[in-house]
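Dropping the structure in here first, questions after.
The values are calculated or read from the model by the stated rules, or taken from the named source; none is laboratory data. As the structure is a prediction and not an experimental result, all values here were calculated from the model. Neighbour counts run over all protein chains shown; Cβ positions are idealised from the backbone, glycine included.
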Amino acid sequence: MTRMRSFLLSALLLLATLGVAQVRVKARVTDADTGEPLPYCAVALTGGGASTLTNEEGWFELNAPSPDDTVRMATLGYGTVRMRVGDLALGRATIRLVPQDIELRPLEVTRNDRVYRLLAESGKRLRKHRPYRSKLYFGLGTHCAGREVEMVEAFYNATFDGPRIEALELKNGRIAIAPVDQRYFVNLNTSKAIMRLDVAQDNGLFAATPFQGSAKELRRAFDVTLEGVQPAEVPLYRIRFAPRVDDGTHFSGTAWLDTATLAPRRIELHCTDCSVHPFRPLWEGPQLDSVQLHVTQDFVSVDGSPQLELVTLDYTLRYRSERRNDVVHSTGVMHPFDRGSAFVLPLFDYDAQQDDYRKITFLPYDSVFWAGAPQLLRTEQQRRALDFLRTNGQLLGHGLDLPRHATFFESNYAFWSAERRIGIKYSFPQRTYDGQGVVAKYGTAPDAVKVELVAQLYLAMDPVGDSLRFHSATVFDGFRSYWLIPEEQETDCYLNLFFDLCELERRRMAERLRGVTDVEVARRIHAECTRDMERTTERYRRETALGRDRKALARWNAVVNDALHIDNLRLFGLEGER
């Protein structure tokens, strides 16, 4: 049985610089009574535009167009504060939010039908929703054996279906990871798992919530308590709920509901030993003994429809195997922002089986994107953890090449590089080639159907003011490429000449994109250059007969050598064949 081959990874970093004059604000938000930092407090310019969250230490950074703009800082349970950008920009300010006392109602109302009706009606409002899109930031950190083993940051285009994230399309991401006892723990699909949590409808992937049924159904499954009313611009009911049978199939938690519309403002969910969850071990062997999960969802009302504003998650996984037990603790945040807008996604056709984690490890580093991306400020603990991961593990998408000898990170995508040549990674058993069926012209060669080389022109683009910033790379696609005939002396030379010709087309594309300001025009240029690349490489393949026509190979080598100053015939020991 023949086996397709994949190809070695190389990386190309294309950097660009572009500056826009703005006012940079850095400040910390704390509790006015205790001085404690307020994490994940919403921070935004009141006129629209930039927005962010405070980190776990209460710090945030924000770019504003003018010192006369106003920054709004708000979080549930505290009074809102507005401050002028110019005042904040004078130094590292501390903004103190005043907590709002709840009007407590000590009466136990676990059998009060009215409270069940409040929750059931709130669930109905969640199910009566409007679809919408926004950009989304995702951050995740993981500890195991007393130390940081993973940090993930990613940006997506998110499609929402009411309270549920319907789809996530990756824009860019980066990962830092370190092994524990020579093994890596990775959250391959946490973002996709959490997006499938639907507090308003049970889909069998998570424990049930009190927003998923009628008042009668909720009464059978939950005990509820109306704890009081939270003062706010619109007062909020605060309702606590707990399952009547603690078997891990139902969440406990607290809900804050708008007293006027019953739309939720915040839902906290807790499950100390979940029997229903989406987490699965990556490989056979370890057993997932227990899952502890805590999720908080904050909502904002937009035209009367509740829309997600923030998701925080905290979960602990306990693994058991024949040799050891492991406890893995992860915390993360999802923050939709720039509601109604979307990133321009990179033009690249990913392999359909690739999860987002693998896509992130593949992405070419884009320094300008990360310099302007609205990610959360790193905490002091995260900075120390990143230093540890840099020294003891791997940084992927942080401006460094991927590791060359770590099989976990191997990819079937390779970036063009003048310094590093690509080659065939795995081979089936070789046999002496008898020369039968080989002719000078590819069109009638029986081996033609056994070889397929595919490359793509990766193109990312981002609007900056009235212009577009481009970031491109030439990518060898090992998922769709194969070489099912025995290797010969000229095979590596032929393969790298193919890749170099693709790089020449990328450079022509980059020239054509200079000064382009329209996304659709850029898409058209990318499509035209892709077709030109395919025509050029098809002609190369046909004329060289998979490299066996040495004279034709030498002619194409001269084209590449003149343009890129790379002599593949010399590099692969074929200089006498010119």
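Name the residue, out of 117, 147, that is more than 26 Å from residue 377 (Cβ to Cβ), in the same structural domain as residue 326 (by TED's automatic domain parsing) and surrounded by fewer than 20 Cβ atoms within 10 Å (Cβ to Cβ).
Result: 117 is the single residue among 117, 147 that is more than 26 Å from residue 377 (Cβ to Cβ), in the same structural domain as residue 326 (by TED's automatic domain parsing) and surrounded by fewer than 20 Cβ atoms within 10 Å (Cβ to Cβ).
Please identify the pairs in which a residue from region 518-529 that is surrounded by 13 or more Cβ atoms within 10 Å (Cβ to Cβ) has its Cβ atom under 9 Å from the Cβ atom of a residue that is polar (S, T, N, Q) and outside any loop (DSSP other than H, G, I, E, B), counting only partners at least 6 apart or on another chain.
526/472
Can you find even one residue in region 307-314 that is free of Cβ contacts under 8 Å to residues at least 40 places away in the same chain and of a type outside the set (Asp, Glu)?
Within region 307-314, none of the residues are free of Cβ contacts under 8 Å to residues at least 40 places away in the same chain and of a type outside the set (Asp, Glu).
For region 514-553: of the residues being small (Gly, Ala, Ser) and part of a loop (DSSP other than H, G, I, E, B), which is nearest to residue 449 (Cα to Cα)?
Only one residue fits best here, namely 545.
Got at least one residue in region 265-282 being under 22 Å from residue 332 (Cα atoms), free of Cβ contacts under 8 Å to residues at least 24 places away in the same chain, under 24 Å from the mean Cα position of the chain (by Cα) and in the same structural domain as residue 139 (by TED's automatic domain parsing)?
yes
Then there is this: So the check is Cβ under 8 Å with 6+ separation or different chains; which pairs have a first residue in region 335-358 that's over 30 Å from residue 414 (Cβ atoms) and a second one that's surrounded by fewer than 19 Cβ atoms within 10 Å (Cβ to Cβ) and of a type in the set (A, V, I, L, M, F, W, C)?
Hits for this filter: 339/302.
Applying the selection to region 30-47, what residues are out of contact with any Ser or Thr (no Cβ under 8 Å at 6 or more places or on another chain) and not acidic (Asp, Glu)?
Selection gives 32, 34, 35.
Can you tell me which residue is farthest from the chain's Cα centre (by Cα) among those in region 472-504 that are over 21 Å from residue 571 (Cβ atoms) and of a type in the set (D, E, K, R)?
Going through the qualifying residues, I end up with 480.
Just to check your reading of the model, which residue among 229, 199, 245 is of a type in the set (Val, Ile, Thr) and buried (at least 22 other Cβ atoms within 10 Å of the Cβ)?
Exactly one of 229, 199, 245 is of a type in the set (Val, Ile, Thr) and buried (at least 22 other Cβ atoms within 10 Å of the Cβ), namely 199.
In this structure, does residue 63 turn out to be more than 30 Å from residue 229 (Cβ to Cβ), at pLDDT 85 or above and under 26 Å from the mean Cα position of the chain (by Cα)?
For residue 63, the condition - more than 30 Å from residue 229 (Cβ to Cβ), at pLDDT 85 or above and under 26 Å from the mean Cα position of the chain (by Cα) - is not met.
Look through region 539-555, keep the residues that are crowded, with 20+ Cβ neighbours inside 10 Å, among the hydrophobic types (A, V, I, L, M, F, W, C) and over 40 Å from the mean Cα position of the chain (by Cα), and return whichever of them is nearest to residue 502 (Cα to Cα).
553
Which count do you get for residues in region 296-311 that are surrounded by 21 or more Cβ atoms within 10 Å (Cβ to Cβ) and among the β-branched types (Val, Ile, Thr)?
Looking only at that region, the number is 1.
Please enumerate the residues belonging to region 454-468 that are surrounded by fewer than 18 Cβ atoms within 10 Å (Cβ to Cβ), part of a strand (DSSP E or B) and not β-branched (Val, Ile, Thr).
463, 467
Residue 308 - would you say it is within 17 Å of residue 200 (Cβ to Cβ), in the same structural domain as residue 231 (by TED's automatic domain parsing) and part of a loop (DSSP other than H, G, I, E, B)?
It is false that residue 308 is within 17 Å of residue 200 (Cβ to Cβ), in the same structural domain as residue 231 (by TED's automatic domain parsing) and part of a loop (DSSP other than H, G, I, E, B).
Let me ask something else. Report whether or not residue 205 is closer than 19 Å to residue 295 by Cα and surrounded by fewer than 17 Cβ atoms within 10 Å (Cβ to Cβ).
So residue 205 fits the description; yes.
Oh, and also: Filter region 483-497 for residues that are in contact with a helix residue (DSSP H, G or I) (Cβ under 6 Å, 6 or more places away or on another chain) and assigned to a helix (DSSP H, G or I) and give the result.
Across region 483-497, the qualifying residues are 493, 496, 497.
Let me ask something else. Could you check, for region 383-398, whether at least one of its residues is modelled with pLDDT of 75 or more, assigned by TED's automatic domain parsing to the domain that holds residue 176, surrounded by 19 or more Cβ atoms within 10 Å (Cβ to Cβ) and over 24 Å from residue 533 (Cα atoms)?
Within region 383-398 (the criterion being modelled with pLDDT of 75 or more, assigned by TED's automatic domain parsing to the domain that holds residue 176, surrounded by 19 or more Cβ atoms within 10 Å (Cβ to Cβ) and over 24 Å from residue 533 (Cα atoms)), the answer is yes, since at least one residue qualifies.
Is it the case, given these coordinates, that residue 480 is part of a loop (DSSP other than H, G, I, E, B), assigned by TED's automatic domain parsing to the domain that holds residue 454, at pLDDT below 95 and crowded, with 17+ Cβ neighbours inside 10 Å?
The answer is no for residue 480.
Looking at region 1-44, which of the residues that are surrounded by fewer than 18 Cβ atoms within 10 Å (Cβ to Cβ) and modelled with pLDDT of 85 or more is farthest from the chain's Cα centre (by Cα)?
My answer is 33.
Would you please name the residue that is surrounded by the fewest Cβ atoms within 10 Å (Cβ to Cβ), looking only at residues in region 409-422 that are at pLDDT below 85 and in a loop (DSSP other than H, G, I, E, B)?
Here the answer is 410.
Same structure again: Could you say whether any residue in region 364-377 is in a loop (DSSP other than H, G, I, E, B), under 16 Å from residue 153 (Cβ atoms) and among the small types (Gly, Ala, Ser)?
Yes, region 364-377 has at least one match.
Tell me which residues, restricted to region 302-314, are touching a strand residue (DSSP E or B) at 6+ places or on another chain (Cβ under 7 Å) and more than 18 Å from residue 158 (Cα to Cα).
Selection gives 314 alone.
Among the residues of region 354-374, is any buried (at least 18 other Cβ atoms within 10 Å of the Cβ), more than 23 Å from residue 40 (Cβ to Cβ), assigned by TED's automatic domain parsing to the domain that holds residue 178 and touching a His at 6+ places or on another chain (Cβ under 6 Å)?
For region 354-374, residues buried (at least 18 other Cβ atoms within 10 Å of the Cβ), more than 23 Å from residue 40 (Cβ to Cβ), assigned by TED's automatic domain parsing to the domain that holds residue 178 and touching a His at 6+ places or on another chain (Cβ under 6 Å): present.
Take the conditions at pLDDT below 90, farther than 20 Å from residue 267 by Cα, among the β-branched types (Val, Ile, Thr) and buried (at least 16 other Cβ atoms within 10 Å of the Cβ) and apply them to residue 109. Does it pass?
It is false that residue 109 is at pLDDT below 90, farther than 20 Å from residue 267 by Cα, among the β-branched types (Val, Ile, Thr) and buried (at least 16 other Cβ atoms within 10 Å of the Cβ).
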